[in-house]
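The values are calculated or read from the model by the stated rules, or taken from the named source; none is laboratory data. Computed from a prediction, not measured in an experiment: that's the story for all the values here. Positions of Cβ are generated from backbone atoms using ideal geometry, with glycine treated the same way; all protein chains shown enter the neighbour counts. Keep in mind that these areas ignore ligands, DNA and RNA; they rest on the heavy atoms of the full protein, side chains included. Shrake-Rupley method; radii C 1.70, N 1.55, O 1.52, S 1.80 Å.
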Amino acid sequence: MITTYEQAIEYIHGRSVWKKTPTLDRIRHLLKLLGNPETKNKFVHITGTNGKGSTTSFLNNILQMNGLKVGSFTSPYITKFNERISVNNQMISDAMLLQLVQQIEPIVTEIEHELKNDEVAPTEFEVITAMMFLYFSQNPVDIVLVEVGIGGIYDSTNVLVPLLSIITNVGFDHMHVLGHTITAIAQQKAGIIKNSPVIYGGRRQDEAGKVITQKAIAQKVPLYTMEDNTIEIVNSDQWTETFTISNKKLDMAKSLFTIKLLGKYQIDNAILAIMAYLLLVEKKIVSFSLAKLQLGLANTTWPGRFEVLSKEPQIVIDGAHNVPAMNGLSELLMRKFKNYQQINIIFAALADKQFIAMAKILINIPNVSLYVTEFSGPGNRQIADEMLIKRMLPAVNLSDNWEETLRDVAKNNPMTLTLVTGSLYFISEVRTILTH
């Protein structure tokens, strides 16, 4: 009997994380026994290697600014598990999470007893996904923004029917699950394309774009890409990005926007949210307002995405946890912070990531001192081997304790930046400690 919030969280994390057989049968069976709650709301479905969270946050704030009640389903969490299911940026309560688990646990137990086969028992993410669908069926909102967990085709969120789908980008991550080529990974992510428009954060003729274009044609749905926009990045202050965009295909006149999230990749994420907003205007889900669109973007923040935790000394955290994200971070540092005398980077990653490749990107940024450290890895997942990184990259510094290193290197100097980056689990640990 699950009677407390702590027991509910323990139950969720106690589920099997992965199954050998990729299928949607488990989640469909579970949802059927729950009364098919996935049919009760309007959805936007979002996948991609990076940028899902930021794109979701931008679109969430835009729609809220236009008066909509917006639900969201995101992963992983940065501050608390409950934030994975939110309404208007407010995470569900401990009591509500407990109630959802109490509704789902007996049905999962029934499935296990009936089928007596672990391969057909719901996984951790399938249980969380079912909780999300159940919550929004019982607490309706105007629209729900749903992030894919991994990939697309066999992700448990892929049972929903969306108003539109967004594929932010396609890069190398989770290759042990999705494949070892961009084409293979794109095929997985294109699996969310159904009978509704799709937005892709690349070009039709790039490697992933060809796959996504073919799937859109096969599904007979409109495809919108970044090349449909005319974009100009405008010089702005160090802690904002400003850009103009026009889009003839979506009837968007040239307009100026400023965002607080830094990096060209965040400009791309903002543009994807703009395109999604314009399509929702076409679908009459929301009425167009340039002022509200601009304000929604300008007010968007996202924890752990080049987030300033301290200005004196300057300490920033950023969850760049794969090679594409690290390349984006490198571009940002060399563009916005190229005149800094010193950039101290404290880095930690999981062992199943391309941690050597990520460290190489960081160590090649001018004026950088790189410290590779440890953190408490989630569950049974192993963290990257710092000694191996040191052997491959002798200029790297080793750190047994990130807190001590942070105290040592963070200087109250306007021309010194200290950046903590890597695994989102690491960023979550750092943020929790530094903000409490």
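Figures for the structure shown
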quantity: Two-site label geometry, Lys284 and Glu331: point separation in nm, points 7 Å out along Cα→Cβ; calculated: 3.9
quantity: The chain, accessible surface, carbon-and-sulfur percent (1.4 angstrom probe); calculated: 51
quantity: Packing-based ranking, highest mean first, of 157-167, 294-304 given that Cβ atoms within 10 Å are counted; calculated: 157-167, 294-304
quantity: Quarter of the Cα convex hull surface for the stretch 12-137, i.e. its orientation-mean projected area (nm²); calculated: 8.3
quantity: The stretch 309-364 shape via C-alpha gyration tensor axes, a/c threshold 1.5; calculated: prolate
quantity: Cross-link pairs Lys210/Lys390; Lys42/Lys80; Lys69/Lys411; Lys336/Lys390; Lys80/Lys210; Lys80/Lys248 - those with Cα-Cα distance over 31 Å; calculated: Lys210/Lys390; Lys69/Lys411; Lys80/Lys210; Lys80/Lys248
quantity: Cut-off under 5 Å, modelled amide H: who pairs with Val170 long-range; calculated: Thr49
quantity: Counted charge near Arg84, where neighbours are those whose Cβ lies closer than 14 Å (Asp, Glu -1; Lys, Arg +1); calculated: -3
quantity: Axial C-alpha extent at least 30 Å, average Kyte-Doolittle at least -0.5 - helices from the chain (DSSP); calculated: 94-115
quantity: Per-pair calculated FRET efficiency, R0 = 35 Å: Ile217 and Asp251 via Cβ, rounded to 0.05; calculated: 0.90
quantity: Computed magnitude of the charge dipole of the chain (debye, nearest 20; Cβ of K, R +1, Cβ of D, E -1); calculated: 1380
quantity: Relative intensity, log₁₀ I(q)/I(0), of the stretch 85-194 from a Debye sum that treats every alpha carbon as a point, q = 0.15, 0.23 Å⁻¹; calculated: -0.80, -1.24
quantity: Distance between the stretch 185-200 and the stretch 95-137 - C-alpha centres, whole angstrom; calculated: 27
quantity: Per residue, in Å², the accessible surface of the chain once ligands and nucleic acids are set aside, probe 1.4 Å; calculated: 43
quantity: Sum of side-chain charges, Glu10 neighbourhood, beta-carbon under 14 Å (Lys, Arg +1; Asp, Glu -1); calculated: -3
quantity: Net charge over other residues, Cβ less than 14 angstrom from the Cβ of Lys210 (K, R count +1; D, E count -1); calculated: +1
quantity: Largest-first principal axis extents, alpha carbons of the stretch 292-425, Å; calculated: 49, 33, 24
quantity: Two-site FRET efficiency, His113 against Lys40, from Cβ-Cβ distance with R₀ of 30 Å, rounded to 0.05; calculated: 0.60
quantity: Spin-label pair Leu434/Ala298, simplified geometry with 7 Å Cα→Cβ offset, distance in nm; calculated: 2.8
quantity: Against the rule of thumb 2.2 N^0.38 Å, how large the Cα Rg of the chain comes out; calculated: 0.97
quantity: Descending semi-axes in Å of the stretch 207-295, equivalent ellipsoid built from Cα gyration tensor; calculated: 25, 17, 11
